[in-house]
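Read-outs: derived from the displayed coordinates by stated rules, not from any lab. As the structure is a computational prediction, the values presented were derived from the model and not from experiment. Positions of Cβ are generated from backbone atoms using ideal geometry, with glycine treated the same way; all protein chains shown enter the neighbour counts.
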Amino acid sequence: MSLHDEGHTVAGWTGSVIGTVGSVAAGMGVCGWGPGIPLGLAISVVALLVTWGLHLAGWGKPPGPRPRDQWPFLRRDRSARGGHPDCLGCHLAGRRGVPARTPAIPEPTVAATATTATASASASAESSS
């Protein structure tokens, strides 16, 4: 087994094989076989839909690395039913997932206090003159 989560999944391999068949058919169309280009495009669309369906069924992987126990090829993704955060396929299927956590940026307290004090001082100076 490799030392990296390379995303070798049932959805990925199935989509790749079907997409390769579509590319070969389209290439044959470029070389002169009449139905090649439309057939190749249709097979490529089927590859996209099959890969997406398998991803949603749990045979794909979420964006980014998975836990090491989920790396084997025939291991289903346990988080697919609820959707993956930052995943276009899950988003298009209406599965939102948990949004990615953004780092909290603290509010500038010293600068805001100094700006407020300066603004109130200048406002009181203008009102007294």
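Give, in nm to one decimal, the length gained when the segment between Leu48 and Ser23 is fully stretched (0.36 nm per residue of separation minus the Cα-Cα distance).
Details: separation 25, 0.36 × 25 = 9.00 nm, distance 1.26 nm.
Full extension from Leu48 to Ser23 adds 7.7 nm.
Order these peptides, 14-23, 27-36, by their mean beta-carbon neighbour count within 10 angstrom, highest first. List each step's numbers first, then the result.
Details: 14-23: 16.5, 27-36: 12.2.
So the peptides 14-23, 27-36, ranked by packing, come out 14-23, 27-36.
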Once both label points are put 7 Å beyond Cα along the C-beta direction, the His91-Phe73 separation in nm becomes 3.2 nm
The local net charge around Cys87, scoring Lys/Arg +1 and Asp/Glu -1 for residues other than Cys87 whose Cβ lies under 14 Å from its Cβ, equals +3
